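The values are calculated or read from the model by the stated rules, or taken from the named source; none is laboratory data. In this text, all values refer to a predicted model and were calculated from it rather than measured experimentally. Here the Cβ positions follow ideal geometry from the backbone for every residue, glycine too, while neighbour counts run over all protein chains shown.
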Amino acid sequence: MIRTITIDEFFRLPDAVPLADVRTPAEFAHGHIPGAFNLPLFSNEERVLVGTTYKQVGREEAILLGFDLTGSKWSGFIKYALESAPDKKVAVHCWRGGMRSGAMAWALDLYGFEVYLIEGGYKNFRRFALNQFTRTADLMILGGKTGSGKTRILHELMLLGEQVIDLENLAQHQGSSYGTMNKMIQPTQEQFENNLAFQLKNLDRAKRTWVEDESRNIGKLNIPTPFFNQMSSAMLVDINVGLEQRVQALTTEYGQLDKTFLTTCTGRIHKRLGPLQTKQAIAAIQEGNMEEFIRIVLVYYDKTYGKDIAKRSAEKVLSLDLMSKETAENARQILKFTTNIPAPAQA
């Protein structure tokens, strides 16, 4: 049985249903619905051939070519679908709910699958995703200078039952010149947006959501403008952690990283760090004096943070001194501090 449903209806299904994206591997890699698996009807090259035939010769010829290209693949499609959806219940989509998803749905239905065909395909999901960024959320921004442990506190707040959006995890970047930590690979801009939208769709909009203070760019990625604008106008808790505690935390975190990586990243900010400070920082890296390196670059990052905070409305910035070295205690203190802050009216 084939049942055509909207993307909203798919997300509201009472039981989780595996989602097959039948677009090409290249399309899938550029951006896909989180949780989907790729069951490509055509390879990247085959898709080009079919598209060219459609434009230059005609629809019927393109369909015949499609059957020629996939003729020997159908048993493989079904076997792979069975691996990903052993209960023989699956949802299917292509770019806009056209022939590719229709053909796959027909074949899976013929084999005995219960098939949900996503109306409008991935194109409609993108509309759904972009709409998530315009919806009003009750955001509370967690700010603080580099090394204050904001990400760890966010994770602790989540354990305490708070709603949290971890932008740095979604972006696979820690938001500085050294943000990839020499191991993280950032998703495409489109996939970052999809992943963020997927989390936003599950928010209880009547409850507060914590987000770490970020600039518009996280590495090579941009926070979607409507959501960034909400972040910029939200209340911010500026946590103050002592310099020595921050230096020690960053020395532990960055001290084990490759020296070449650290040197290259430091070189990228030489204009903002200054020629002398850059030279001193790189020398400290080469000497293995990680604590000195951290102290030098913190001067730049602390100044940058101060400038960014100054751009916010003073009445929207609340300062809180954190004395404990225990993340859980700091999270509890932040919650106590923000208990009586009224939530903004929902749009």
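Scan the stretch 1-11 and tell me whether some residue there is surrounded by 14 or more Cβ atoms within 10 Å (Cβ to Cβ) and over 21 Å from VAL90 (Cβ atoms). No, there is no match, as no residue in the stretch 1-11 is surrounded by 14 or more Cβ atoms within 10 Å (Cβ to Cβ) and over 21 Å from VAL90 (Cβ atoms). Of all residues in the stretch 170-196, those that are surrounded by fewer than 16 Cβ atoms within 10 Å (Cβ to Cβ) and part of a helix (DSSP H, G or I) total 2. Selection of the stretch 109-145 for residues being part of a helix (DSSP H, G or I) and more than 20 Å from GLU193 (Cβ to Cβ) yields ASP109, LEU110, TYR111. A count restricted to the stretch 120-158 and to residues that are without any contact (Cβ under 8 Å) to a residue 60 or more places away in the chain and among the hydrophobic types (A, V, I, L, M, F, W, C) stands at 2. Summed over the stretch 197-224, residues that are in a helix (DSSP H, G or I) and closer than 19 Å to ILE141 by Cα total 3.
Please work out if ILE341 is of a type in the set (A, V, I, L, M), within 21 Å of TRP210 (Cβ to Cβ) and in a loop (DSSP other than H, G, I, E, B). Before the answer, list the steps.
Values: of a type in the set (A, V, I, L, M): yes; within 21 Å of TRP210 (Cβ to Cβ): yes; in a loop (DSSP other than H, G, I, E, B): yes.
Yes: the conditions hold for ILE341.
Quick check on my filter: what residues within the stretch 1-58 are of a type in the set (S, T, N, Q) and without any contact (Cβ under 8 Å) to a residue 12 or more places away in the chain? Explain how you work it out, then say what you get.
Kept after step one, since they are of a type in the set (S, T, N, Q), are these residues of the stretch 1-58: 4, 6, 24, 38, 43-44, 52-53, 56.
THR52, GLN56, listed by residue number.
In the condition set (1) of a type outside the set (A, V, I, L, M, F, W, C); (2) farther than 22 Å from CYS265 by Cα; (3) modelled with pLDDT of 95 or more; (4) surrounded by 13 or more Cβ atoms within 10 Å (Cβ to Cβ), ARG295 is compliant with all but (2). Exactly one residue out of LEU82, LEU69 is more than 30 Å from the chain's Cα centre (by Cα) and surrounded by 13 or more Cβ atoms within 10 Å (Cβ to Cβ): that is LEU69.
Can you go through GLU214, GLU253 and tell me which one is among the acidic types (Asp, Glu), closer than 30 Å to ARG312 by Cα, surrounded by 17 or more Cβ atoms within 10 Å (Cβ to Cβ) and in the same structural domain as LEU170 (by TED's automatic domain parsing)? It would help to see each step written out before you state the result.
Numbers: GLU253 fails: surrounded by 17 or more Cβ atoms within 10 Å (Cβ to Cβ).
Just a single option satisfies the conditions, and that option is GLU214.
Based on this model, can you work out whether ALA85 counts as small (Gly, Ala, Ser) and touching a residue at least 12 places away in the same chain (Cβ under 8 Å)? Before the answer, list the steps.
Values: small (Gly, Ala, Ser): yes; touching a residue at least 12 places away in the same chain (Cβ under 8 Å): yes.
In short, yes.
Taking the listed residues SER324, SER313, the one that is closer than 23 Å to ARG152 by Cα and assigned by TED's automatic domain parsing to the domain that holds PHE228 is SER324, with no other qualifying.
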